[in-house]
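S.K.: Pasting a structure below so you can have a look.
Read the figures in this text as sums done on the coordinates, not as results from a lab. What you see is a predicted model; the values in this text were computed from it and never measured. FYI the Cβ positions are ideal-geometry reconstructions off the backbone, even for glycines, and counts take in every protein chain you see.
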Amino acid sequence: MIGTFMSVLDATIVNVGLPKIMANFGASLDQIEWVLTAYLLSLAVVLPIAGWMADRFGYKRVYFTGLLLFTVGSALCGISDSEQTLIISRIVQGLGAGTIMPMGMAIVSREFPPKERGVALGLWAVAAASSVSFGPLIGGYLVDTFSWQLIFLVNVPVGLIGLFVTYLIQQEYKSPKVRKFDPWGFFSIVAFLPVTLYALSEGKAVGNSEGWTAPYILLCFAVALISLAVFIVAELHVKDPFIDIKLLKDWNFGLSNLIMFIFGIGMFGTPFILPLFLQNSLGWTAIQAGSVFLPVGVIQGMVAPLAGKLVTKINAKIVLLTGIACIVISFVMGYFLSYQTEHAAIMAMLYFRGLGMGILFAPLSTIALSEIPRDQMAQASSLFNVTRQLGGSFGVAILSSLLTTRTIYHQQVFGEQLAGNSPEFFGSLSRMSQHIVHAAGSSVSESMQQGKMLLVKHVMNQGYIQGISDDFLIAAAITVLAVIPVLALKTRKKDQAEVIGSSAE
């Protein structure tokens with residue numbers, strides 16, 4: 001739970017610090033998104049190999065090494081003096097987190113008997129929930145009171161405590177069956193992931209005037225397609241595959257991975273949007289923006305264990321559909337954000353978010369691993385976490401790119417209303433000029449120029465808000481698609497407890 005808290009904390013604590021980091025380095029949204037994407041991407045790259053490393057070197061040793069790497073990466077992020085150095089340090093962090101998360105899930109699943117596994121996974125999810133709550137709040141306080149560097153350095157002492165406790169308490173476990181290393185699978189997936197995400201994020205970047213038809217974008221997609229083909233062929237024919245994609249033949253496990261990917265696009269691709277809106281558009285401080293996330297993790301932490309137990313008593317589809325409905329409602333509420341949005345409306349949106357995450361994640365994890373043999377638990381949990389992180393990585397890349405393009409589109413549309421011969425424009429400018437003359441003591445000519453600047457600033461900000469609204473609406477539409485695989489899950493109410501609790505010994 002300590003390791004999970006750390007890895008999830010670092011994904012959430014950064015969001016409220018992005019405006020300050022952008023201002024400090026003079027970076028655009030296209031550039032700064034890689035502070036998030038680099039972490040998620042490196043995490044996703046190492047997640048698949050975590051299962052093999054655990055079987056080969058031992059669960060405790062791999063978990064300890066991952067936590068050590070994560071702690072070192074946090075220290076490097078804290079002393080970064082450029083956005084390039086910060087992105088590289090975030091990669092180091094992600095490599096550590098990529099071993100922490102699947103090992104934590106596999107350790108919990110292995111240590112607890114089948115009948116207790118659902119509740120145990122729910123309690124394990126409390127660590128993630130608490131970091132979702134306290135991460136933005138802690139980050140906001142550190143950014144406002146000290147500097148953005150401390151949002152990374154704060155991980156170091158917690159990481160050292162985690163290393164000490166892991167060394168003393170955890171018992172080592174090695175799988176009796178150790179698979180051979182699969183170079184074809186490893187290098188093909190390592191090539192596929194970064195190239196794909198780079199193409200998705202750069203396809204509509206401001207500096208890319210040719211868009212999706214740019215030669216280097218087309219080359220990236222070609223490399224990604226070839227790498228994916230090599231990966232699938234290799235994993236289906238190699239004796240000891242890097243990622244045992246044959247596990248996806250298990251009906252519920254395969255569908256659960258699809259649900260988690262769809263879920264990850266919206267839920268893990270949107271957290272950076274709201275702090276940007278609150279700080280850049282509404283003028284909130286970092287700690288004010290971070291404090292609104294506090295109830296999210298609290299609600300998720302309270303609901304997750306209950307949902308894990310509830311799914312053994314009623315049909316899992318009802319529980320999962322309820323969670324999806326809550327998440328979609330939160331996204332739809334985000335679509336209506338504006339200058340006039342009040343604090344209560346923002347909190348209501350986040351309440352639904354926390355409720356949906358708490359209801360969905362623990363039962364889905366339990367269903368996904370319910371019929372996976374124990375000796376394949378590390379492989380399965382790694383694949384499941386890879387799917388979630390891939391969804392989040394794709395979400396950040398796609399939604400940040402869409403935010404940029406939709407913002408530019410709306411700014412152009414709204415800017416057309418600033419025509420000098422428009423009676424509405426001239427009337428608004430005249431009233432604003434009169435106000436500036438009386439309030440600031442400016443001359444008439446100065447007040448006219450200042451009024452024009454204020455109107456342009458307002459239009460730019462309004463276009464930015466509308467772009468954020470579009471992102472939330474797109475996330476809602478994508479999340480609705482998860483209903484289809486949920487309905488296809490094979491669950492029966494009368495023997496739900498046995499289905500969820502069973503696992504081959």
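S.K.: Going by amide H atoms built from the backbone, whose H comes under 5 Å of the H on V154, apart from near neighbours?
M.R.: Long-range HN contacts for V154: none found.
S.K.: Take the alpha-carbon centre of the stretch 351-420, take the same for the stretch 457-493, and report the distance between them in whole Å.
M.R.: So the two Cα centres are separated by 9 Å.
S.K.: A follow-up question, please. Three principal axis extents, largest first, for the C-alpha atoms of the stretch 168-324, in Å?
M.R.: 54, 51, 41
S.K.: More than 13 Å apart: what percent of Cα pairs in the stretch 359-412 qualify?
M.R.: Summing the P(r) of the stretch 359-412 above 13 Å gives 69 percent of all pairs.
S.K.: For the stretch 189-261, what is the per residue volume of the convex hull drawn over the alpha-carbon atoms, in cubic angstrom?
M.R.: Dividing the Cα hull volume of the stretch 189-261 by its residue count gives 96 Å³.
S.K.: Do you know the relative contact order of the chain, to the nearest whole percent, from alpha carbon pairs under 8 angstrom that are 6+ apart?
M.R.: Averaging sequence separation for qualifying contacts and normalising by length gives 23 percent for the chain.
S.K.: Which residue, W52, M432, L219, has the largest displacement toward the positive end of the dipole of the chain when charges sit on each Cβ (Lys, Arg +1; Asp, Glu -1)?
M.R.: It is W52.
S.K.: Between S422 and V72, with labels modelled 7 Å along Cα→Cβ, what's the label distance in nm to one decimal, could you check?
M.R.: Inter-label distance under the simple model: 5.7 nm.
S.K.: For the stretch 139-236, compute the orientation-averaged projected area of the C-alpha convex hull (one quarter of its surface), in nm².
M.R.: Reported value for the Cα convex hull: 11.5 nm².
S.K.: Can you give the relative contact order of the stretch 412-458 as a percent, counting alpha carbon pairs under 8 Å and 6+ residues apart?
M.R.: Here the relative contact order equals 31 percent.
S.K.: Oh, and also: Rounded, prolate or oblate: which fits the stretch 234-276 when a ≥ b ≥ c are the square roots of the eigenvalues of the alpha-carbon gyration tensor, with rounded for a/c under 1.5 and prolate only if a/b beats b/c?
M.R.: Cα axes put the stretch 234-276 in the oblate bin.
S.K.: Starting from the Cα of Q450, step 7 Å along the direction of its Cβ; do the same at N24; then give the gap between the two resulting points in nm.
M.R.: That separation, rounded to one decimal, is 3.3 nm.
S.K.: Per-residue counts of other Cβ atoms within 10 Å, averaged by peptide: what ranking do you get for 264-277, 113-126, highest first?
M.R.: My ranking of the peptides, most packed first, is 264-277, 113-126.
S.K.: Run through all the Cα pairs of the stretch 412-458 and give the fraction in each 10 Å bin from 0, expressed as whole percent.
M.R.: Bin by bin from 0 Å, the calculated values are 29, 54, 16, 1.
S.K.: Another question, then. Any chance you could list the semi-axes, whole Å, largest first, of the equivalent ellipsoid that the Cα gyration tensor gives for the stretch 316-389, using √(5λ)?
M.R.: That gives 33, 13, 8 Å for the three semi-axes.
S.K.: I would also like to ask the following. Using the Cα centre as the reference, give the magnitude of the dipole from point charges on the C-beta atoms of the chain (Lys, Arg: +1; Asp, Glu: -1; all else neutral), rounded to the nearest 20 debye.
M.R.: Dipole of the chain, to the nearest 20 debye: 1260 debye.
S.K.: So between I318 and V480, what do we pick up on full extension, going 0.36 nm a residue minus the alpha carbon distance?
M.R.: That pair, I318 and V480, stretches by 56.8 nm at full extension.
S.K.: Would you work out the Kirkwood radius for the chain? I mean one over the mean of 1/r across all pairs of different Cα atoms, in Å.
M.R.: Kirkwood radius, the chain: 23.8 Å.
S.K.: How many nm separate the modelled label positions at A345 and K174, each set 7 Å beyond the Cα in the direction of the Cβ?
M.R.: It is 6.0 nm.
S.K.: Go through I346, A397, I2 and say which Cα lies farthest out towards the positive end of the charge dipole of the chain; charges sit on Cβ, +1 for Lys and Arg, -1 for Asp and Glu.
M.R.: In the chain, that residue is I2.
S.K.: Report, to one decimal in Å, the Kirkwood hydrodynamic radius for the stretch 292-421 based on all distinct Cα pairs.
M.R.: Every distinct Cα pair counted, the radius reaches 17.5 Å.
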